[in-house]
Structure formats: structure tokens, C-alpha cells
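Worksheet: the structure to be examined is printed underneath.
The values are calculated or read from the model by the stated rules, or taken from the named source; none is laboratory data. Remember, predicted model here, so these are calculated numbers, not experimental data. Every residue, glycine as well, gets a Cβ built from its backbone with ideal geometry; the counts of neighbours run over all protein chains shown. When the accessible area is computed, the model is the full protein with side chains, heavy atoms only, and any ligands, DNA or RNA have been set aside. Shrake-Rupley method; radii C 1.70, N 1.55, O 1.52, S 1.80 Å.
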Amino acid sequence: MNKNVDSAKKIDISKILGKYGVYIALLVLFVVMSFASNSFLTVTNLFNILKQNAVYGVLAVGMTFVIVTGGIDLSVGAIVALAACFATKLAQDGSGVPVIVAILVGLITGVACGAFSGLFIAIANIPAFIATLATCTIARGIVFVFTDGRPITGVSDAYKYMGRTSWGPVPVMVVIYLLFLVVGTFLLKYTKYGRHVFAIGGNKRAALVSGVNVKMTEFLVYVISGFCAAFAGLLLSSRIQTGQPAGGEGYELDAITAAVIGGASLSGGKGSVFGSFIGILVVGILTNGLDLLNVSSYYQQIIKGAIILLAVMADRKKD
Amino acid sequence: MNKNVDSAKKIDISKILGKYGVYIALLVLFVVMSFASNSFLTVTNLFNILKQNAVYGVLAVGMTFVIVTGGIDLSVGAIVALAACFATKLAQDGSGVPVIVAILVGLITGVACGAFSGLFIAIANIPAFIATLATCTIARGIVFVFTDGRPITGVSDAYKYMGRTSWGPVPVMVVIYLLFLVVGTFLLKYTKYGRHVFAIGGNKRAALVSGVNVKMTEFLVYVISGFCAAFAGLLLSSRIQTGQPAGGEGYELDAITAAVIGGASLSGGKGSVFGSFIGILVVGILTNGLDLLNVSSYYQQIIKGAIILLAVMADRKKD
Amino acid sequence: MANEYLLEIKNVRKEFPGVVALDNVSLFLKRGEIHALVGENGAGKSTLMKILAGIYSLDQGEILYDGKPFQAKKPVDALEKGIAMVHQELDLIPEMTVEENVFAGREKSNGIVIDKRGMEKRTKDLMESLGIDISPKTKIKELSTAQQQMVAITRALAFDAEIIIMDEPTSAITDREVEQLFKIIRKLKAQGKAIVYISHKMDEIYSLTDQITVFRDGCLIGSVATKDVTPEKLINMMVGRELNDVYDKSSPKTEDYDENEVLLKVENLTRENEFYNINFEVKRGEILGFFGLMGAGRTEVMDTVFGLRKAEKGTVTMKGNQMGTVKKAISNGMAYITEDRKISGLNLIASVKDNISIAYMDMVTKGKFLIDFKKEKENADELIKKIKIKCSSRDTLAGTLSGGNQQKIVIAKWFMGNPDLLIMDEPTRGIDIGAKAEIYKLMDMLVKSGKSIIMISSETPELLGMSDRVIVMHEGYQTGEFRCGELDQDKLMAYAIGEGNKYHQ
Amino acid sequence: AENYKIAWVDGNLANESNAICTDAAKAYAEENNVDFTLLDGQGSGENQVSQIETLIAQGVDCIIVQPYDAAACQVGVEAAIDADIPVLVTKTTIEDNSICPFVGQDDTVAGEMEMEWMAEQLGGKGNIVVIEGPTGISAAIQRNDGITKTLEKYPDITVLHTQPADWNRDEGMSLMETWLQEGKEIDGVVAHNDEMALGAYDAIADAGKAGEIKVIGIDAIDAAKKSVAAGELDATVLQDVETIGQKTVEVAIEMCKGEKVDDVYNVDPVLLTKDNIADYVTE
Ligand SMILES: Nc1ncnc2c1ncn2[C@@H]1O[C@H](COP(=O)(O)OP(=O)(O)OP(=O)(O)O)[C@@H](O)[C@H]1O
Ligand SMILES: Nc1ncnc2c1ncn2[C@@H]1O[C@H](COP(=O)(O)OP(=O)(O)OP(=O)(O)O)[C@@H](O)[C@H]1O
Ligand SMILES: O[C@@H]1[C@@H](O)[C@@H](O)CO[C@H]1O
Ligand SMILES: [Mg+2]
Ligand SMILES: [Mg+2]
């Protein structure tokens, strides 16, 4: 009897770890950092962390949709740059173009890039890895041609608003990121479309047979991801007041990492927008904390690698 | 009746495309380049292409094993750097260490890194994406600490042999790459181990039930990939006579791309070492040809993206 | 005026690379009719139904729905026309819940937000009417194959379809659920719906259907009213020859085995929430049957015996050696035909040959490491012939074979090793009558040569016909053990539902 | 003396010259009892902006910015100025360098210097190839600007090829191998850094053309200096990063003390060739 009770308890602990592993890891990280550095637990610093990671965060929202279908989007970094450069060009001081037009053009660019990948993936059956890699290099090529490899500066004050203003203590970027989290969660969890995203990631054939419009659903996740990437590009360029043709490089990896730390599986069918947020926080807090603690960047890498491993290990106890 | 004959013919063409799509794409590329640039079709240039891509090629051999199991190895670039720096340090002029020891230490480093990832993936069930990403950042951190961020120069002549000598017109690096292709193909196609690699990539659970030592097989693919990465690091550092702590960055993407162009599927169970060779050639010839044709690097990217898309599209006609 | 036929499928032809799956076949379906579609494995039954359901397109021929031409380009077209299908391969989404699966693609919403509550309730109601008690919130991956099959059936019934296609819906479920299903099918018939029923089980065909259409090798053999055809004649139409005494077990069903060596000994085996205190022995030369209702825990017990799950308490001893891992099990001569071919039996993207050799690679290697391709090919060809796997070549991908033929690969794979103890969990799931007889013969040969078999089966005739001894399980407990002579169907059922004590007096 | 807290936000510590520069800075800071924090933007201007924000929130006495990206770091520097924290830029410039003190060199000047040398070597005419740093990166853009500007003065110099090799020696080598076997006459190689120049030199030597083609790079990394001394590489442009590192911290301390400092401390690049290399190689 006693033994039974014991084993029941054991199961519970590992179950809790399994279910809340990353959350616990995040909490531990948070507490440790609070004690280690007294600059960590301040309102400004916490908002800073959110603001500094909003760009990756917005990317990760779109990436989550893609990953849940079992896909991958390697083009988001290049889309960040392309959308940012198109928009900043139009938003340069004295261009005479209303800032909203600049923003719309940026977003449409992202949507178009996403649609491009989506078409090849959903219709032509090209593996997402290749299709989005191609979109990535093509978009990067276009932005280099467009800017001649030079940053676009001198953007109007209106354009800077999103990236450089705070409402009280809350940076506008943070508000926007939270908005993406809310809308993303809603779309993925509470709508038919979201269900279909999970369905095709969980078993594409079964989804097809059930009458899910697999092609359209798959196509749309890349459009969503492209949209998010473009928005991230707008945020980034507004924040640094520059359109960087070489910007956003490698961001895809950060976005994917956040989603996976947050529980998404690259083989599809699993993941959540909120999870991607947790992933962003784990990495963001780690970077911020280690910087505050003045840890040399070489050692930071070693520590980061180890901690991400531990965080995910706690999470994957399940099986 | 006529209809039948027609449809039979149609099927055949798309079948051929399906089966030999990339090969045909490669051939077309080859022929076009030969006509477009009269410097392309020379013995020196062809060996140049092979030599310049031997490093990626060796990585792609190991990566193919990983991908066939349904995994991914993001650490190879960092392993290239780590193995190269350890080896070059030992192979510095006047170190008194025999070059073979330097080489062995380099290779052992790679094997250890692969084993590290492999343990987390096979035993602790961490997703390969996260585990190898962690290995990547940790290895990169270690190499920076080890070198203090500075390249290691002054390597002995013996160490330079692999990367800088030719046997007649044939660079030693090319011979080594071909050796990797042969041994890799042998291991993956003609041995029990190779069969197990395919089995776990096709259906892990079925492999387990069939008595395949899933953990060991999975563990070993990362060891193989680590070994290949270390060897690639030796080749690279021998070729440039330097151990570069920041070297090898992003090489993982090239290796994965080559494998996928060559028919490997990131969801596992499909792929071949020879296919990865074809993938390397497609990208290598494209880069070389466009360089010879003096196409601006901006446009090169656009063209490359488009052609990779086309090559893979031809290949994936099947369904 | 309504057409005589709700559905007319005329002269359909369908080719896959290298195979003519259907050649000039037709099928006519009336309202209020339960129409059996029968034929050997690979005859083309599923293919025709998939054409109807919009999964494949046809190469030639035409389909009339209520007199008007109809061809579904994609599954949703068929669903919208009121054609629902229970797929042979179930096609569920493992990571999603029962409710999510039932409503996949046809979710209820208020226009924007999905109505989760409503869908859960409807799922629960439907399942209750089928007599099953599974929470709509359970993930599919946590269900047994049988339970999954019930979910697939629920899904097909959820949308008030006009034509319901059931492709071997009872291959994994037990008699109790079958009865419940039949009641519902009859009710649908009474409502004027049309049902296409594909099955290899003769008793079902006779007790349920009105009309039978027979395919063989992609061709139409004929269509007859059920009442006008004898089982012998029907089998003849299917296989093209006479077939007698399917459950032919020539080895004596006596107690002789008592004296034989104990091959497998299972003592006090327990896994919390799955099964408790399981004890049994298998002697050389005997076939031990396992019976139970769906969810009784038989699969879990066998998984544990084979080392796929860890025993929490108790021991498994094979030939005197303590077991615990798959490797040990196999090296001590155990083999395990699992109940779900797709999840744990096959590598669908590998060839028939590769699937056959994977469990006993050492038999087709030179020096442990190098594959002996010649030997491997010969070996595969031999088994393909012996077990009658219908495939265009040994290099065909397993995933392109018909369901029954896929099952045969799993059987071939384990027969290859000539194991001392073969555990078979629902081994004849989806296998046609002719092939069943072959498999029974193989089983018979195996035990005659001193090997043993454990057979889990929900088909009582097969279980009673083949076993020397039967163990019955109920909700994780061993409720009875019988010699074959002592058994009948009612008694089995009584013990399976936990009311065996009635028989004790 | 007071214990000032000074932070250095580096563009990329994976870069050798940055590592040398910050090591010199750190050593100098320690000698002067400065509480020295070193952050690494890891090759991203945006990261640097984030780090500057973190420093502002944390409160330091002075921020030193070594810009990876001239435009992005402009924003970071402005934010520090807005927060009334003394800030200076080191090594290479930001977009508008007039807003804070600067210690270092202008990369444009380095580009001009190497191209000017090459033109002189070729007598104002001939065929050259240019090996670029990564597209869109400030250092590469500015060096290229210097090269292009200088080329305008020499209409008889033809640029046969110009491609990026992303600062890497192997990529520089590969490009050169490809170009060489084209058979066209190449008289000079102008590389945006030494690694790529050394790679090009190796390719040239392998093709048996050592000495026939002039090669110049930028940075004067150890390997390049040795190569020049050995009569292989023809020239390199020295950025005296150790001096820059020390000088920067010196200025930063002055700023902490509230002293007035100059707008610009130019640490001019020096052209190293076999003629003067002996003065710069330490055995
Ligand atoms: N997708 C496919 N690709 C290639 N061949 C296929 C495919 N689907 C079915 N076939 C072939 O078509 C033939 C008919 O298969 P089908 O699944 O219709 O048989 P079935 O009558 O349903 O058999 P079973 O009783 O075993 O389920 C078989 O030879 C099968 O191998
Ligand atoms: N009513 C139920 N609700 C939810 N889960 C159940 C229920 N009954 C059983 N299970 C679970 O389903 C599984 C039982 O399936 P299992 O495959 O072992 O049964 P079985 O005896 O092999 O019967 P069969 O294979 O014929 O369905 C166990 O994991 C058990 O915990
Ligand atoms: O001068 C260096 C280059 O050599 C390169 O390493 C990148 O950064 C520049 O500042
Ligand atoms: Mg079938
Ligand atoms: Mg079962």
C-alpha cells in the first residue's frame, strides 16, 4: 500500500515537471537573476527585456503557426530586412508619403513573401525548408539590389513612433507584442482555422480526409508568418530608425528556438503562442541577466547553451 | 485504348522527372554554364569546384545520416571551429607534437561533441534541434575561451598537407571528400547499421519493436556527424592554415540544404550520401558559374534561390 | 421521381504506377440498403471507396449520384454531398482529442469562435449511443486501437450523411461493440440511408447486409442479394476456388502440453492502471489465447512481456532467462506482431523487403555487418510468396499496399525468424479469408515444430478454433483460464465482462 | 581616485581586431581602477542598442560604443545622450559622429589608403579585383566607399570582379581560385580585410603567380604582418587597435570626471609594406 502511495507521488512530480517544466525553469531563472543582480528586478529592466525581445517575439508568434503545421520558415529574417527597407524608404523625411502607406507597403511585402513560400509549399509540394530558404535568399537579394547594400536612414518622426515611444512606463513595442500574443493565441486556440493548423500538423492525411482544406491552411500559415516577419521588420526599423538590408540575419533561428523551448515540436501538431512567449522570456532573461552580471560573452554562450538544455530537459520529462 | 497509351507516356515522363529530377537539373545547369562561360569547363575549374566544396561536402555526409533518422544537427559549424582550433594549436610550428596527434585530438573533439548531443537526444529525449543548438553555442563558447577570440596561425607544413597539396591535378582535399562519399554510402546503404538508420527515421516505434537498438543507432548518427564536422574542420584549417574560432558559421545550413536538395526528407527515412553530393554540386556549380559570369552578388542570391527552387521542384514531381 | 439507385458507379478504372487497382468495376447502391463489398486483400475495395470519397481520382468510368454525374475532387466535396467514410486506416490525429477528431474539418462555431462545449457534448452523446464510454477530451494517442476505431466510426456518424462507407469498421473491436454498431447501422438503414460495408468477416456480412458485390484482383466478379448466396459460393466468388475448414488445426487439442517444457513464465506482472497480478505459463507446442473486451489490458500485458513497457512488479522469464528489454526478448526467441501495423508495425516509406528483414537483419548479413543483398532478396521473395503478399515487387513501398497486405508484411517479418514464441495481437486484422487460412496453417506448422504462440484476438471463432488454452482478462485482471474443450462463446463473454463467477456454482 | 563604472559595448567580440582592442582597453582600465564592463553585440547593431538601454537603466558613469552598425548605434548613442550619460564612440564611426567624442579611424580612410597604394603600384592602370566584406555591414560599406572614391581618380584601372567573401579567408581563396583560372590578366587584389587578402594570396601562389599580382588587405593582423615581412602579401593597412583601446578608456575616464574632451581623437591608419614592416613585427 505504502509503496503505491509513493509511486503515485513520484508520478505526480515528474508529471508536474513534464507539464510545467519550462515554466518552472523560467521561474527559477527569474528568481536566481533577481538575487544575483539588483538591477534585474526593476520595472524599467523588465520592460526593457520585453521591448528588446519584441521583434523576436513577434516573429515567434508567426513561426509557431508554421511549426504547428510541421513546417519551418527560414525566410523571416530576410523578410524583416525587406519589409523594413521598403517601409523606411517610403517613410524617409520629406518623401511626402503618409507613414501609414509606408507601413502598409511593408506589411504587404511580408504577406507577398509568405504567399510566395506558401504557394511552393502547399501547391508545388516543395519541402518548407527549401522553399523558405529560397524565399530567404531571393528576398535578401532583392533588398540588396533595392538599397545597394546600404542602410536607409533619415526616417520621419512619425515612423519612429512605434519603436521609440512609451505609454507611461510601457513601451509601445511591448503593447504591440502583447497584442500579437493575444491575437495569435486566439487564432490558434479558439478558431476553426487554428484547429485546422493543428490537424494538418498532427496528421496531414487525416486532416485531408476529414475535409480540411489542407492546401489553403498550409498556405496561410506562411502568409501569417510573413505578416509577422514584416511587422517585426517595421518594429525593428522603427526602433533603430534605420532600414538595414543586412538586418534580421539569423532571426529565424531565434524564433524557432523560442517556439521549441515553449513546447512546439518540429514534427508538427504541437505548440502554442504562449509557449513561444515563454521561450522568448527564457532566452531574453538569460541574456539580460548575464549581461547585468558582467559575464564575458564567451562564457555566456557556454552558460546559455547549458541552461537551454536544462530548461527543455525539465520540460520533456514526459517520455 | 489510345488514351491509355497517352497516359502511360505521361506517367513515364513525370516518373523520370520524379526519379531523376535533380540529376537532370544538375545536368542542365552544367550544360548551360559550359556554354555561358568558357572558363567553366576546364579541368582546373572542375577540381576547384570540388575542392572549394569539400568542407561542406564532408559535413553533408554526416548530416545525411542525421537527417535520415529524422534529426538535425545545428552544431556542425561550431564543431568545425572547435576541432580546427584544437588541432591547429597542437600543430603550430615548434609545438613538438606530431601532426597525427593534432589530427586525432581534432577528431576526438568532434566525436565528443557529437556524443554530447547524441546523449541528450537519444537518452534524455531532447529534440535534436535544441540539443544540437546547445552543443553549438557551448562549443562556440569553448573555442572562444580557448583562443581568446583570436585565430591560431603558424601551423606546421605537415598540417597544411591535406588542404594545400594536389596529386597531379587532383587536390588531396578532393580525394578525401570522395573517400567520405564512398565510406558514407557504404555505411548507409550496405550495412546493417545503415538499415537501422533508415528504420528509425521511417518509424521509430516500429524499429524499436523490431529490436533495433534505437538509442544506440540515434546516438551514433550524431557521433558520425561530429566526426565528419571535425574532419571538415581539419580540412578547412589546413586549407587556410589557420584555426578560426569564428569559422564554420552557418555551415550547418549549407550541409542541410545539400542533403535536402539531394532528396533527403527532414521528417526522416529518406536520403542518400550520393544525393548530398548532388546537392553540393548544384549549389557549388551555381556559385562558381555565377562568379565566372561576373554576376553581382546581389543578383546571384536571387538567381540561386530561384534555381534551387526549380531543381527541387523538378525532383518532387512525384506527389 | 427518385432514381432507383442513389449511387451508380460504372466501369471505373484506376491505375497506380505499376498496378491496375481497378479495371472496369461497377457498383450500384440503393437507398435503405446495406451493401457489402467483399474480396481478397488488394482486390481494390478501398481504392474504389476512396475514389468515391474524393481521395483518389478515377482514370476512366463515371459515377452518378441520384442520377447526376458526380466526382469528388477532394474529400470535402464528398463530405458536402453527404458521403462519409470510416477509413480502414482510421486516419485520426494522435495529438488531438476525441472531440477535435470527430469534428476535424467541420467544426461548429458561432462564426468566429469555435463551440467547444457544444462539440464535446455532441461527441459524448454520439459515443453513448454507440455504447462507448470515452471522454471527448482524451487524446487519441492515449486510446487503444479498438477505441480509436470507435472514434472513427463516431466521426462518420456525426454528420447525418446519406451514404456511409465503412471500410472494415470492426477489424479491431469486440463483439459487444460490434452488436451496438450493427444496431445503429440498421437504424440508419431504416432512415433510408445507404451503407457500403467492407469486411472479411462472413458472419457480419450475412447478419447485416442486403446485397453483396464481389471484387477480385481489381475486377468485378458479380453482385448478388445476400439471401441468394451461400457462404461456400461467396468464398468461391472471392478466391476463385473452394476453401474448406478454415480453422484447421491438426495438432491435438489435448492436455499433453502439461508435460512440455515451460517456455515462458509470467509471474505477478503488474503495471498500475493497466493490469494487475498477471500469472501464466506458455508450454512448448501450445497456442495460448487471450480474450477480453476492448481496454481489458491484453495489449499492455504483451507489451510488457516483450519489454516495450517496464514491469512495475513481477517477472517475465523466457527459457529460464529473466526478460526486460526488447533485445533480450528477441534474442531469446520471442517475436511480437503488434496490434497496430501503422504505428508500431511498419515503416511505410520503406520497401516490402526492408520491412521484412528489419527484425532479423543478422539472417541476411555476411559477418554481422554487411548486408547480403542476394540472400535478402531471396528471403523476401520467399516470404512474399508464402504469405501471399500482393505487391508489384519486393521493392514496392509498404505504404502503397492494401491494408490486409500491409498486415501480411508484419506477419512475414516475424515468421522470418522462426521464433520460439510468437505473440500475435489481433494478427488477422484485415486479412482475407484465403490468407487467414494460410496464416493458420503457418501457425500450425510453427507449433508442430515445438514452438509456441500467444494469440490475442477479439474474434471468438478464431480464438476458439486455434487456441489450446484461453486466458480471459477483465479491466486489467485475469478472470479465468480455460482449456479449449471447456469453452464456449457465452462463457468467454461472461468472464470478459467480469461476471464469470456465475459459472462457478 | 574614484572608482568609475565604465561599460564598453562591442560590436562583435568574435572579431580578432575587436578582441585585441578590448583586451588593451580592459588592461588599461584595470590599471586605472576602473570598474570595466564589456558587452558583446555579437554582430548585431540592434543587440547593441538593447545593451545600451540596459546600461542606461542600470546606471553607469560612461558608455563606450564600438559600433557594428553605424546607423543602429546612432540610436543607441542618442539614447545615452538623452539619459545624460557620457558616451563616446570608438574604433569606427556612427552615422553622424558629431554628437559625441570619437576615438579611432574612419574606415573610409582605410579604404582610400589601400586603393591609393594599389593605384600607385599599378602606375594608374591595370586590372584589379576587389574582395568585399559582407554586404550591408558598416565596415565593408565604408571601406568600399573609400575604394570607389579613389578609383574615380584612376579611369584606367578596371575592376574585373568585385564580390563579397564575408571577411573569410577560405571564401577569399575560393573566389580568387575561380577568377584566376579564367585566364584574364589580374594585376592587383584589393581586399576589405587581411584574412581575405591572405586567402587570395594563397590562391595566387598555388597558381604559380606569386609576385605577379599585388595584394593588399586591411587590419594588419599577425598573420598578415608576418606575410608581408616574408615578402608574400604586399601590404596591409594597420589599425592600431591597441592604442585605440587605451586611448578610448583614457578619454572615457576624463569624461567621467566631467572634463572637457576633444571631439575627435584620430588614430590614423598606417600603411605597412615590406619597407616599414620591420618596425611593426615583434618577435
Ligand atoms: N496509393 C497507392 N499507390 C500505389 N498502389 C496502391 C495505392 N493504393 C492502393 N494501391 C494498390 O491497389 C491495389 C488495391 O488496393 P486496395 O487498398 O483497394 O485493396 P483492398 O481491396 O482494400 O484490400 P484490403 O482488403 O487488403 O484492404 C493494391 O494492389 C494496392 O497495392
Ligand atoms: N474506458 C476507458 N477510458 C479511457 N481509457 C481506457 C478505458 N479503458 C481502457 N483504457 C485504456 O486503454 C488501454 C487499453 O487498451 P488495450 O489495447 O490494452 O486493451 P486490450 O485488452 O488489448 O484490448 P483491445 O486491444 O482489444 O482493445 C489502456 O491504456 C487503458 O488504460
Ligand atoms: O577590420 C575588421 C575586419 O577584418 C573584420 O574582421 C570585421 O570587422 C572589421 O572591423
Ligand atoms: Mg482495404
Ligand atoms: Mg489491444
Quiz item: With C:41, C:24, C:11 as the choices, which residue is more than 15 Å from ligand 1 (Cβ to nearest atom) and either in contact (Cβ under 8 Å) with a residue 12 or more places away in the chain or not assigned by the TED database to the domain that holds residue C:114 (or both)?
Solution: C:11
Exercise. Return yes or no: is residue C:436 over 30 Å from residue C:216 (Cα atoms), more than 14 Å from chain B (Cβ to nearest Cβ) and more than 16 Å from ligand 5 (Cβ to nearest atom)?
Key: no
Quiz item: Does region C:443-451 contain at least one residue that is within 17 Å of the chain's Cα centre (by Cα) and either outside the structural domain of residue C:42 (by the TED database) or in a helix (DSSP H, G or I) (or both)?
Solution: no
Quiz prompt | Residues located in region C:136-174, provided they are open to solvent by 50 Å² or more (accessible area, probe 1.4 Å) and either of a type in the set (S, T, N, Q) or in contact (Cβ under 8 Å) with a residue 24 or more places away in the chain (or both) | solution = C:137, C:139, C:141, C:159, C:160, C:162
Quiz item: If you scan region C:161-176, which residues turn out to be within 16 Å of ligand 1 (Cβ to nearest atom) and of a type in the set (Lys, Arg)?
Solution: none
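Would you check if residue C:340 is under 27 Å from the mean Cα position of the chain (by Cα), among the charged types (D, E, K, R), at pLDDT below 95 and not assigned by the TED database to the domain that holds residue C:285?
Yes: the conditions hold for residue C:340.
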Practice problem: Check whether at least one residue in region C:320-331 is over 22 Å from residue C:408 (Cα atoms) and assigned to a strand (DSSP E or B), and report yes or no. | Solution: yes
Practice problem: Keeping to region C:63-98, report how many residues are facing another protein chain (nearest Cβ under 8 Å), open to solvent by 10 Å² or more (accessible area, probe 1.4 Å) and among the β-branched types (Val, Ile, Thr). | Solution: 1
Quiz item: Conditions: (1) away from chain B (no Cβ under 11 Å); (2) in a helix (DSSP H, G or I). Residue A:150 meets all but one. Number of the miss?
Solution: (2)
Quiz prompt | Output for region D:8-41, where each listed residue is within 13 Å of chain A (Cβ to nearest Cβ), surrounded by fewer than 23 Cβ atoms within 10 Å (Cβ to Cβ) and over 15 Å from residue A:298 (Cα atoms) | solution = D:26, D:35, D:36
Exercise. Filter region C:389-433 down to residues that are among the aliphatic types (A, V, I, L, M) and away from ligand 4 (no atom under 16 Å from the Cβ) and give me whichever is nearest to residue C:284 (Cα to Cα).
Key: C:421
Quiz item: Within region D:127-140, how many residues are surrounded by 19 or more Cβ atoms within 10 Å (Cβ to Cβ), in contact (Cβ under 8 Å) with a residue 60 or more places away in the chain and either more than 10 Å from chain A (Cβ to nearest Cβ) or under 13 Å from residue D:186 (Cβ atoms) (or both)?
Solution: 5
Practice problem: Sort through C:46, C:57 and tell me the only one that's open to solvent by 50 Å² or more (accessible area, probe 1.4 Å), under 29 Å from the mean Cα position of the chain (by Cα) and either more than 14 Å from every other protein chain (Cβ to nearest Cβ) or more than 16 Å from ligand 2 (Cβ to nearest atom) (or both). | Solution: C:57
Quiz item: Does any residue in region C:400-415 that is within 16 Å of ligand 5 (Cβ to nearest atom) come within less than 6 Å, Cβ to Cβ, of a residue that is hydrophobic (A, V, I, L, M, F, W, C) six or more places away or on a different chain, and which pairs are these?
Solution: C:407/C:431; C:410/C:337
Quiz item: assigned to a loop (DSSP other than H, G, I, E, B) and touching a strand residue (DSSP E or B) at 6+ places or on another chain (Cβ under 7 Å), is that true of residue C:58?
Solution: yes
Exercise. Need at least 3 residues that are open to solvent by 10 Å² or more (accessible area, probe 1.4 Å) per element, so show me which strands (runs of 3 or more DSSP E) inside region D:141-227 make the cut, counting only ones lying wholly within it.
Key: D:157-164
Quiz item: Picking from A:264, A:246, which residue would you name as being among the small types (Gly, Ala, Ser) and open to solvent by less than 10 Å² (accessible area, probe 1.4 Å)?
Solution: A:264
Quiz item: In region C:350-383, how many residues are at pLDDT below 95 and in a loop (DSSP other than H, G, I, E, B)?
Solution: 3
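Could you list, in sequence order, the residues of region B:97-112 that are out of contact with any Leu (no Cβ under 7 Å at 6 or more places or on another chain) and outside any loop (DSSP other than H, G, I, E, B)?
Result: B:99, B:100, B:104, B:107, B:108, B:110, B:111, B:112.
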Quiz item: (1) away from ligand 4 (no atom under 16 Å from the Cβ); (2) on the phi < 0 side of the Ramachandran plot; (3) at pLDDT below 90; (4) more than 14 Å from chain A (Cβ to nearest Cβ): which one isn't true of residue C:131, the others all being true?
Solution: (2)
Quiz prompt | Selected residue (only one of D:96, D:69, D:61 is within 10 Å of chain A (Cβ to nearest Cβ) and in contact (Cβ under 8 Å) with a residue 40 or more places away in the chain) | solution = D:69
Practice problem: Output the residue which, of all residues in region C:291-315 that are in a loop (DSSP other than H, G, I, E, B) and within 14 Å of chain B (Cβ to nearest Cβ), is farthest from ligand 4 (Cβ to nearest atom). | Solution: C:310
Quiz item: Does residue C:130 count as of a type in the set (A, V, I, L, M), more than 16 Å from residue C:87 (Cα to Cα) and within 16 Å of ligand 5 (Cβ to nearest atom)?
Solution: no
Quiz prompt | All positions within region D:148-172 that are among the aliphatic types (A, V, I, L, M) and either under 21 Å from residue B:300 (Cα atoms) or at the interface with another protein chain (Cβ under 9 Å from one of its Cβ atoms) (or both) | solution = D:159, D:160, D:165
Exercise. Just give me the residues in region C:111-162 being of a type in the set (A, V, I, L, M, F, W, C) and in a helix (DSSP H, G or I), in sequence order.
Key: C:119, C:126, C:127, C:140, C:146, C:150, C:151, C:152, C:153, C:156, C:157
Practice problem: Answer yes or no: is there a residue in region C:384-395 that is in contact with a strand residue (DSSP E or B) (Cβ under 9 Å, 6 or more places away or on another chain), open to solvent by less than 80 Å² (accessible area, probe 1.4 Å) and outside any loop (DSSP other than H, G, I, E, B). | Solution: no
Exercise. Look at residue D:63 and say whether it is part of a strand (DSSP E or B), touching a strand residue (DSSP E or B) at 6+ places or on another chain (Cβ under 9 Å) and open to solvent by less than 10 Å² (accessible area, probe 1.4 Å).
Key: yes
Quiz prompt | region C:178-207, residues that are in contact with a Gly (Cβ under 9 Å, 6 or more places away or on another chain), within 16 Å of ligand 2 (Cβ to nearest atom) and either among the hydroxyl-bearing types (Ser, Thr, Tyr) or open to solvent by 10 Å² or more (accessible area, probe 1.4 Å) (or both) | solution = C:179, C:180
